[in-house]
Each structure stands twice: as structure tokens, then as C-alpha cells.
Amino acid sequence: MFRTHTCGELTQANINEKVTLSGWVSTLRDKGFMMWIDLRDRYGITQIILDEDRSSKELFETARSLGREFVVQVSGTVIERASKNPNIPTGEIEILVDSIKILNESALPPFTIDDNTDGGEDIRMKYRYLDIRRNPVKNKLIFRSKVAQEVRKYLDAQDFVEVETPVLIKSTPEGARDFVVPSRMNPGEFYALPQSPQTFKQLLMIGGLDKYFQIVKCFRDEDLRADRQPEFTQIDCEMSFVEQEDIMNVFEGLAKHLLQTFKGLEFGDFPRMTFADAMRRYGNDKPDIRFGMEFGEITDLAKGKDFKIFDEQELIVGIAAEGLNTYTRKEIDKIIEWVQRPQVGATGLVWVRYNEDGTFKSSVDKFYSQEDLAAWAERMNAKPGDLLLVMSGNTTKVRGQLSALRMEIAERLGLRKSDEFAPLWVVDFPLLEWDEESGRYHAMHHPFTSPKSEDFDKIETAPGEVRANAYDLVLNGNEIGGGSIRIFDKTLQAKMFNLLGFTEEQAEAQFGFLMNAFKYGAPPHGGLAFGFDRFVSILDGSETIRDYIAFPKNNSGRDVMIDAPAAIAPEQMKELFIATTFTGKE
Ligand code: ASP
């Protein structure tokens with residue numbers, strides 16, 4: 001038997017017991033006549049002690065041959081500690097050791113395995129298995145596991161069936177590129193890894209399973225933005241004979257259950273906001289509503305006052321940064337520089353100080369009177385002491401830019417509190433979105449999403465105005481879930497493919513299987529998927545999803561530990577019928 005107890009469980013209650021523990025040597029202290037070893041396993045740390053009076057010379061010798069991270073088995077007696085450590089559960093006891101067995105040696109680790117490690121990000125990623133020995137990393141993985149189990153329990157209790165869908169499939173368009181896998185048995189042909197199990201879960205509804213879920217890996221070959229992973233996990237769900245309301249109820253229930261279980265927070269009905277309102281009020285379809293700072297549109301007020309820049313713009317809109325009237329000119333210039341960074345891309349901004357005495361001082365005083373500025377301030381819900389920040393331009397662009405600034409200001413003002421949770425549903429998304437580059441419409445959610453019946457008549461005449469039966473669950477400025485009621489009629493689905501620019505042949509080649517299945521009694525159905533990594537990280541008060549993934553990829557999509565992706569041997573290429581590798585310069 002390797003152990004009678006773990007390194008995290010012995011207390012005063014075990015005093016005088018003979019015990020055996022196994023674990024890693026965390027620290028070693030040698031005072032000559034006394035030695036201490038901190039022994040660590042997943043559950044905690046227990047102090048092992050040797051002293052001249054009670055421990056043999058051989059034992060001291062063995063102890064002195066140990067190094068950090070050696071794997072050892074120790075046996076001894078639980079005794080009360082002379083100097084107690086109130087910071088750890090085992091801090092009142094120690095083990096007076098009578099045998100030490102080295103189970104395995106360890107090379108010197110490249111960084112200290114400690115809560116506050118000296119290891120930088122890169123080295124810790126390369127030696128991720130060592131990083132996982134550290135509490136902050138390990139605890140996140142344990143937390144993730146607990147959330148996953150709770151999700152399973154909740155959905156199982158509601159009669160959802162967990163089904164594994166295949167990983168080697170054909171492309172499912174969710175807006176990204178596919179990762180592909182060459183098929184040895186089918187020369188020149190490729191599988192695609194699922195961007196989501198979307199079509200399969202719809203087929204399961206046609207199969208009559210009624211309620212499906214899966215905690216499932218999805219793969220999207222996107223240019224990596226900060227904190228995106230090429231493979232990530234969804235809680236994927238689908239239900240039959242449901243309307244939008246039914247789905248939102250079930251998954252609002254799940255979200256509430258998780259917030260209750262892991263945060264002890266109770267929520268009433270989650271607020272709902274239309275996509276159009278979210279864009280108008282926050283410039284964003286995933287607004288962080290933990291704080292106000294809502295947009296105030298002043299286009300009608302600010303135009304026609306001889307200020308050329310504003311006169312030429314489509315939208316003029318601002319926010320009131322609370323209390324930032326204290327900012328110096330230099331600090332305001334810094335904000336201007338911030339919005340001019342390529343990531344935000346604004347040309348500049350207009351500022352207005354709302355002084356404590358109720359007067360205004362602005363960068364455009366030449367053009368606007370005190371009354372004008374007071375009217376702006378009112379639209380932005382400003383108070384004396386605030387600083388108004390106003391941007392102008394093309395509606396979509398300027399909303400995006402001001403939204404970025406709103407989040408930045410909130411960050412500076414400490415308004416994005418990780419222990420506060422503000423969920424909301426965003427509904428009534430547009431069905432389609434115009435893509436300048438390709439000069440055609442793309443599905444905003446995916447091509448299987450149904451249009452709202454009241455907008456049917458616009459499908460031919462004004463496709464851009466058609467709203468979808470689609471909904472997103474937003475938490476603290478992050479989209480944590482999204483879904484839709486699906487098209488279940490083959491004629492409408494064919495029309496949708498056509499709108500998206502597929503020829504009949506292309507639609508048949510790519511989605512013939514689905515269209516065919518729709519011939520055999522497809523029930524009305526819909527569903528949604530939660531981004532599991534993100535949901536877990538936000539629940540745990542973080543926004544860094546890679547911390548919650550055991551073996552994440554870096555920003556260039558590489559696993560630096562196993563060094564993937566990597567070239568394959570020419571023989572393997574041949575076997576897969578891959579003739580050449582393009583250099584990208586062709
Ligand atoms: N498949 C969708 C996604 O990955 C979710 C859904 O519509 O259920 O976002």
C-alpha cells in the first residue's frame with residue numbers, strides 16, 4: 001500500500017497514529033540536528049520531521065539524498081507540531097518519520113513548484129505537467145471538473161441524453177476555417193474536424209432523441225485573437241418541439257444553477273435586450289452591464305453648428321466617464337492616443353469636462369455653447385465631475401470604437417469586478433450579415449437558423465432586415481452561449497442556402513444529407529451551446545480561458561510542450577497521398 005492517507009488530511013485528531021504518505025518533496029530544510037521535508041500531493045502538504053534524538057543516522061542520510069520533486073513514500077507517527085502553521089489544514093501536526101523510501105528521483109525542476117512561482121509563462125507552458133502540480137493551476141482544473149459534473153447532473157435530471165458525435169466529419173460552417181484530416185483509405189479525400197456538432201445534433205432530433213447534450217471539443221481554424229483556442233469545449237444542446245422561450249428557460253435554469261452552486265448567488269429572471277438595443281446602448285452585442293456608462297447619441301444635437309468634423313458624420317455618440325473630470329490634459333491625451341491605436345482605429349475624440357460647479361469646458365468650445373454641452377451631458381446621463389468622451393463616424397465603426405473605450409474606462413475605474421455577475425440574453429439578432437469582402441450575405445449565427453415568421457416577407461426584398469430566432473447568453477461582457485430555433489423545412493433551408501450564395505449543386509454536395517433527412521419528418525427543434533471554457537473561467541472570477549484548459553495552445557496555435565504542429569515524415573505524406581507542401585509563396 002502506497003499510502004494510508006493523503007498529504008492534505010491529517011490533523012490533531014490523528015495524533016499518535018502510524019501513517020504512510022506518498023508524494024513529492026516540496027521543500028527540504030536541514031538544520032543539522034533536525035530536518036524538515038514538506039511532502040506534497042494533490043490534496044495538500046504535510047510536514048515530515050527528523051531529529052537527532054529520535055531518528056537514525058541512516059534516515060538522515062536518506063533524507064539528505066533527496067532533492068526537490070523526488071517522489072517518496074514515508075511512514076511515521078503523527079505528532080503535534082511545536083510551531084503551528086495556521087495557514088494550512090495540516091499545520092498543527094507533523095510526521096515523525098521512521099522510514100523514507102525513494103520511489104523515483106527527479107531532475108531539478110526548471111521553476112519552483114510553488115503558488116508564487118519564479119517561472120515565466122513560456123517555461124511553465126513547456127513544462128505544463130509541472131505547472132499542474134501548483135495549486136493555482138491544479139485548482140482551476142479541479143474547479144472545471146466540478147462544473148462539468150454539475151452540468152451533467154442538471155441536464156441528466158431533465159432527461160437530456162448525452163450522445164457522442166463523431167470527430168472525423170465533413171465541414172460544418174460556423175464561420176471559421178476547418179481543420180482537415182487526410183484519409184489514407186480514401187486517396188485525395190479529407191475529413192474536417194467539427195466546428196461544432198451542429199448538423200449531428202439536428203439529425204439526432206430527427207432521430208427522435210428529443211433532448212440531447214454533450215460536453216464536446218470543437219475545432220476552429222481562426223486567426224487567434226487574444227485568449228482564443230483552436231480547440232475548445234462546448235456544452236452543446238438541442239431539443240425538439242420547443243420554441244425559443246422553452247430553450248431559454250432550460251438554459252437560464254442551468255446558468256442560474258451553476259451561479260447558485262459555485263457562487264452562492266440567486267438571480268431572478270435574466271434581463272433581455274434586443275440586438276438593436278444592445279448596439280444602440282452599448283455599441284456591442286455582448287454588453288457588460290455590471291456598470292452603466294450607456295451611450296448617449298447626440299447626432300441631432302451636435303450637427304449643424306459649424307463643426308465640420310461632426311457635420312460630415314453618420315453618428316455622433318458619447319459616454320460619461322464617472323469622476324474623470326479630474327483627468328489632466330495629459331491624461332486625456334493618453335485616452336486619445338489609446339483610441340487611435342490600430343486595434344481601436346479611431347481618428348480621435350472630443351472631450352467635455354462637466355465641472356463640479358455645473359459649467360462645461362470642452363475641446364470644441366468654439367462651436368458649442370454651455371447649453372449645447374448641457375444637452376449632450378443629459379443624453380449621456382452625466383453628473384458634475386464626469387468627463388464626456390464623444391466619438392463620431394460610420395455607425396457600425398464608431399459604436400465598436402466607443403464600446404472598446406467604454407470597456408477600457410470601466411477597467412480603469414475598477415468597474416469590471418470579477419465577483420459581480422450580470423447575465424443577460426441578447427435576442428432578435430439579424431439573420432444575415434453583409435460581408436464587404438465577398439460581396440454577399442453570411443449567416444450571422446449559422447445557415448440552419450430560422451428567420452422570425454413575422455419577417456418572412458422580407459427574405460426576398462430586404463434580407464438584411466430579417467431577424468432570426470437566435471439568442472445569446474451574455475455574462476460580464478462575454479458571450480457565453482448562443483443558439484437558435486432551426487429551420488426544419490427543406491424548402492426554407494434550400495432558400496437559405498441560396499441566399500447565402502450556395503448553388504443548388506454546392507448545397508447538395510455539402511448538406512445533401514441534412515436536406516434528405518428533412519424529408520423524413522423533422523420535428524421543430526432548436527438548441528444552443530455554451531462555451532464551456534469561458535463559462536468556467538468567468539464563474540471562477542477570471543477571463544483567461546487557457547488557465548482552465550489542461551494543455552492549452554499558445555497564441556500562434558502551438559502546443560509548445562509536445563511541439564505541435566510538426567512536419568510529418570515523407571513516407572507518411574506519401575501514404576496519405578499528400579504530394580507536396582506549399583510554401584505559401586506560390
Ligand atoms: N452550433 C452553435 C455554435 O457553435 C450553437 C447552436 O446554434 O446551438 O455556436
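The table that follows gives values for the structure above.
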{"item": "Identity of the residue in region 156-200, within 15 Å of the ligand (Cβ to nearest atom), among the polar types (S, T, N, Q) and closer than 14 Å to residue 238 by Cβ, that ends up surrounded by the most Cβ atoms within 10 Å (Cβ to Cβ)", "result": "198"}
{"item": "Subset of region 125-137 [closer than 17 Å to residue 24 by Cβ and part of a helix (DSSP H, G or I)]", "result": "128, 129, 130, 131, 135, 136, 137"}
{"item": "Those residues of region 201-211 which are more than 13 Å from the ligand (Cβ to nearest atom) and either in a helix (DSSP H, G or I) or of a type in the set (Lys, Arg) (or both), in sequence order", "result": "203, 206, 211"}
{"item": "Where residue 302 falls short, out of the listed (1) in contact with a strand residue (DSSP E or B) (Cβ under 9 Å, 6 or more places away or on another chain); (2) surrounded by fewer than 19 Cβ atoms within 10 Å (Cβ to Cβ)", "result": "(2)"}
{"item": "Within region 100-113, tally of residues that are surrounded by fewer than 18 Cβ atoms within 10 Å (Cβ to Cβ), in contact with a helix residue (DSSP H, G or I) (Cβ under 9 Å, 6 or more places away or on another chain) and under 19 Å from residue 7 (Cα atoms)", "result": "2"}
{"item": "Flag for residue 278 being farther than 22 Å from residue 374 by Cβ, surrounded by 17 or more Cβ atoms within 10 Å (Cβ to Cβ) and either hydrophobic (A, V, I, L, M, F, W, C) or more than 25 Å from the chain's Cα centre (by Cα) (or both)", "result": "yes"}
{"item": "Region 508-564, subset more than 16 Å from the ligand (Cβ to nearest atom) and of a type in the set (Asp, Glu), residue farthest from residue 155 (Cα to Cα)", "result": "563"}
{"item": "Filter result for the condition that a residue is surrounded by fewer than 21 Cβ atoms within 10 Å (Cβ to Cβ) and either among the polar types (S, T, N, Q) or at pLDDT 95 or above (or both), over 312, 337", "result": "337"}
{"item": "Any hit, region 280-302, residues being over 24 Å from residue 408 (Cβ atoms) and at pLDDT 95 or above", "result": "yes"}
{"item": "Qualifying residues in region 429-444 (those that are buried (at least 22 other Cβ atoms within 10 Å of the Cβ) and assigned to a loop (DSSP other than H, G, I, E, B)) - the one farthest from the ligand (Cβ to nearest atom)", "result": "431"}
{"item": "Scan of region 173-200 for residues that are closer than 21 Å to residue 442 by Cα and assigned to a strand (DSSP E or B), ordered by number", "result": "177, 192"}
{"item": "Residues of region 344-367 satisfying the condition of being among the polar types (S, T, N, Q) and touching a residue at least 12 places away in the same chain (Cβ under 8 Å)", "result": "347, 355, 362, 363"}
{"item": "Region 5-19, residues that are among the hydroxyl-bearing types (Ser, Thr, Tyr) and exposed (fewer than 14 other Cβ atoms within 10 Å of the Cβ)", "result": "11"}
{"item": "Index of the failed condition, residue 61 passing every other in (1) among the charged types (D, E, K, R); (2) in contact (Cβ under 8 Å) with a residue 24 or more places away in the chain; (3) not in a strand (DSSP E or B)", "result": "(2)"}
{"item": "Which numbered condition residue 496 misses (of (1) at pLDDT below 95; (2) away from the ligand (no atom under 16 Å from the Cβ))", "result": "(2)"}
{"item": "Qualifying residue in region 371-394 (condition: crowded, with 17+ Cβ neighbours inside 10 Å, more than 15 Å from residue 295 (Cβ to Cβ) and not aliphatic (A, V, I, L, M))", "result": "yes"}
{"item": "Options 370, 340: the member that is under 29 Å from residue 416 (Cβ atoms) and either free of Cβ contacts under 8 Å to residues at least 60 places away in the same chain or among the charged types (D, E, K, R) (or both)", "result": "340"}
{"item": "Close pairs from region 174-199: first touching a residue at least 40 places away in the same chain (Cβ under 8 Å), partner away from the ligand (no atom under 15 Å from the Cβ) and of a type in the set (Val, Ile, Thr), Cβ under 9 Å, at least 6 apart", "result": "182/578"}
{"item": "Any hit, region 516-537, residues being among the β-branched types (Val, Ile, Thr) and either surrounded by 12 or more Cβ atoms within 10 Å (Cβ to Cβ) or on the phi > 0 side of the Ramachandran plot (or both)", "result": "yes"}
{"item": "Residues of region 372-424 satisfying the condition of being more than 19 Å from residue 360 (Cβ to Cβ) and in a loop (DSSP other than H, G, I, E, B)", "result": "394, 413, 414, 415, 416, 417, 418, 419, 420, 421, 422"}
{"item": "Within region 106-135, tally of residues that are closer than 14 Å to residue 70 by Cα and of a type in the set (Lys, Arg)", "result": "1"}
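Let's see how each residue does on (1) surrounded by 15 or more Cβ atoms within 10 Å (Cβ to Cβ); (2) assigned to a loop (DSSP other than H, G, I, E, B); (3) basic (Lys, Arg):
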site: 98; (1), (2), (3): yes, no, no
site: 115; (1), (2), (3): no, yes, no
site: 118; (1), (2), (3): no, yes, no
site: 123; (1), (2), (3): yes, no, no
site: 139; (1), (2), (3): no, no, no
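The values are calculated or read from the model by the stated rules, or taken from the named source; none is laboratory data. Just so you know, these numbers come straight off a predicted model, no measurement behind them. Positions of Cβ are generated from backbone atoms using ideal geometry, with glycine treated the same way; all protein chains shown enter the neighbour counts.
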